[in-house]
Amino acid sequence: MAKYELDTIRHSTAHLMAQAIMELFPTEPVQLGIGPTIENGFYYDIEMSTRLTEEHLTQIEDKMKEIIKRDLPVVRHEVSREEALTLFAGRGQALKCELIRDIPEGEVISYYTQGDKFFDLCTGPHVEKTGHLPQFFKLMHTAGAYWRGDQTRPMLQRIYASCFTTKKQLEDHLFQMEEAKKRDHRKLGKELELFIFDPVAPASPFFMPKGALVYNGLVDFMRRIYKVYGYQEVITPQVLDVDLWHTSGHYEKYKENMYFTQIDEREFALKPMNCPCHMLMFSHHRYSYRDLPLRFADFGRLHRYEKSGVVAGLTRVRTFCQDDAHIFIQFDGIQEEIKTLMEMFFHGYGHFGFEKIRIGFSTRPEMRVGSDETWDKAEAALKAALDASGRDYFINEGDGAFYGPKIDIQVADALGRYHQLGTIQLDFQLPERFDLKFTNDKGEMERPVVIHRALLGSLERFIGVYLEHVAGVFPFWLAPEQIVIVPVKNELHLAAAQELSRKLNSLGFRSRVDDRNESMGLKTRQAQTGKIPFMLVLGDKEIEAQSAAVRKYGEQKSEVMTQEALISMLTELDAQKMPAALRGV
């Protein structure tokens, strides 16, 4: 049997699924859309009146395996545009006809047949026979998808499938998918009472008290980092005159994602990013080379319009906050600053348990501002800084910001999925547009360079990624509830529990007393499902010995500790809110 690329197998299996659907529903007009390969499998968009269910997916899988056993020949045919339109129009495939009409003049038009009855528009390649296809696929679920991504066009049914070349690969992937479901941050956020969503504010999270503790804990973490690396925090307005966005260039490049309003017969916009504000602040003062690098940090709330089809939990929202900063620097200081930033980023990610990290160098996009000469200078400077850092990186052609090249940093979570978090962007354009200057060591006016950077990125998105990475089990310093204290039964036990809780809270820990009239077993289970790091039990023996029965999250047995030893342990754990390498710096 011939060997095929995985992409070829997946593409051919997508055609196999389309054929199975058409055979299972012979009396129903089934319109075929597109069926591309994607990471771990493929999908196919179809239009039909029957709403496909889990039961239907199982039937389709069975039919696909039956077609494989038929060992049908898969043959490529090249035809003219007119022949293709006649062929597909004869089958009532209007969506395919639309695709055929859009094929550029002079480009080859081809379709593939599987046996005598099924054919599909495709450039290929495909397997030679259906019998060459391995049966290691699984139809996962269906979703709605607008034809060609246009909300004004019909809504089709998109069938997602996983597909591999071996049984083990498929089983491993399905296991990971199950793990991903358990770790879904939307599910965990609800169970742990961290955040909610409501239609009154689409794609905009409401953080509950526990979620707000996590959110503010991340802000505090960054503020501790900022003290080490010399950042100054600023506060900037939410609503600004559109003239500012014209000056920065964001209006022309980004207006579709901005919210606008009228105030006093002037047009204003909610800020989608902080950078123009920081440029404006720099321009209001006279700085010298001695003041640089000047590092402005901002936790201001940002608003960006995202289409409803792309928003998802916390990972893509319409209102968010970044651990955003802009560094104003001399050109010859770029390498040293990038080196320091890389150190800062790796300390930060390591502290959250992200061990696998990828670095991408994103170059000039097609839509950009500034001259090629300036872009050449910016890209060369950033590449030299990356080379000097000694870290491996890959080139991401054309994915830079419209004002400059950038470094994008991706981290792998516990399931091996990569997420982009941090970014470092080199900008020669905004200092020019805002006419920023400082006095250099010769007493001359010089243009600074600006580095845009975010370590965690959007705090909302980071919380979503991190929740799934740790499966909701926060480290002690970040846990919204750190300690629950359970009195065994009587008023004496309750009073002792309340006294210990006050003592712990006065030391800066987060504890509460569970004094409900419920069984010890129920309270223990709820402490575990709430992923609370420590449960303390107080009874006669513990009160007499000034101790507590301490049960750590995830452990079956308790350990009796004196209150003095307990506080010492908690203090040590709380100290981990700062990366070890930066403690005492």
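Bear in mind these aren't lab numbers, they're just calculated from the coordinates by the rules spelled out. What you are looking at is a predicted structure, and each value in this text was computed from that prediction instead of being measured. Quick reminder, even Gly has a Cβ in these numbers, built from the backbone with ideal geometry, and neighbours come from all protein chains shown.
Quick look at the values:
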quantity: Length added when fully stretched, Glu39-Arg525, from 0.36 nm per residue minus Cα-Cα; calculated: 171.1 nm
quantity: Pairwise centroid distance, computed over Cα atoms, of region 1-48 with region 513-553, Å; calculated: 55
quantity: Three-way shape call for region 189-470 based on the alpha-carbon gyration tensor, with the a/c threshold at 1.5; calculated: oblate
quantity: Geometric extent, Cα atoms of region 105-187 - Rg, Dmax (angstrom); calculated: 17.5, 51
quantity: Value of [θ]222 nm, deg cm²/dmol, for the chain, DSSP H segments ≥ 4, -39500 (n - 2.57) each, nearest 500; calculated: -11500 deg cm²/dmol
quantity: Euclidean distance between Cα centres, region 291-316 to region 222-287, Å; calculated: 12
quantity: In range of the label at Arg301: residues from region 440-477 whose backbone nitrogen is under 20 Å from the point 7 Å along Cα→Cβ; calculated: 457-464
quantity: Per-residue Cβ neighbour rank within 10 angstrom, fewest leading, Ile159, Ile100; calculated: Ile100, Ile159
quantity: Inter-site label distance for Glu555 and Glu28 at 7 Å from Cα along Cβ, in nm; calculated: 5.6
quantity: Highest to lowest packing among 569-575, 274-280, scored as the average C-beta count within 10 Å; calculated: 274-280, 569-575
quantity: Relative contact order of the chain, pairs being alpha-carbon contacts under 8 Å that are 6 or more residues apart, as %; calculated: 10
quantity: FRET efficiency for Glu105 and Gln262, using Cβ-Cβ distance with R0 set to 51 Å, rounded to 0.05; calculated: 0.60
quantity: Beta bridges by DSSP in region 189-470, antiparallel share as percent, to the nearest 5; calculated: 85
quantity: Exposure proxy ranking, count of Cβ atoms within 10 Å, fewest first, for Glu61, Glu564, Glu39, Glu193; calculated: Glu39, Glu564, Glu193, Glu61
quantity: Debye log10 I(q)/I(0) at q = 0.08, 0.16, 0.17 Å⁻¹ for region 6-183, Cα point scatterers; calculated: -0.24, -1.00, -1.13
quantity: Ranked packing of 515-524, 182-191, most packed first, by mean Cβ within 10 Å; calculated: 182-191, 515-524
quantity: Rg/Rh (Cα only; Kirkwood hydrodynamic radius) as it applies to region 156-280; calculated: 1.12
quantity: Fewest-first sequence of Glu5, Glu446 by Cβ atoms within 10 Å of each Cβ; calculated: Glu5, Glu446
quantity: Over 29 Å between alpha carbons, listed pairs Lys182/Lys356; Lys117/Lys181; Lys190/Lys523; Lys182/Lys503; calculated: Lys117/Lys181; Lys182/Lys503
quantity: Length added when fully stretched, Arg583-Ala384, from 0.36 nm per residue minus Cα-Cα; calculated: 68.6 nm
quantity: Spherically averaged projected area of region 142-217 from its Cα convex hull (nm²); calculated: 8.2
quantity: Difference of contour (0.36 nm per residue) and Cα-Cα distance, Glu193 to Asn490; calculated: 103.9 nm
quantity: Kyte-Doolittle at least 0.5, axis length at least 15 Å by Cα - qualifying DSSP helices, the chain; calculated: 459-470
quantity: Separation of the Lys168 and Tyr146 label points, Cα + 7 Å toward Cβ, nm; calculated: 4.5
quantity: Rg followed by Dmax, in Å, when the chain is reduced to its Cα trace; calculated: 29.4, 93
quantity: Region 375-410 residues near the modelled Glu336 label - backbone nitrogen below 18 Å, point 7 Å along Cα→Cβ; calculated: 381-382, 384-390
quantity: Antiparallel DSSP beta bridges within the chain, as percent of all bridges there, nearest 5; calculated: 85
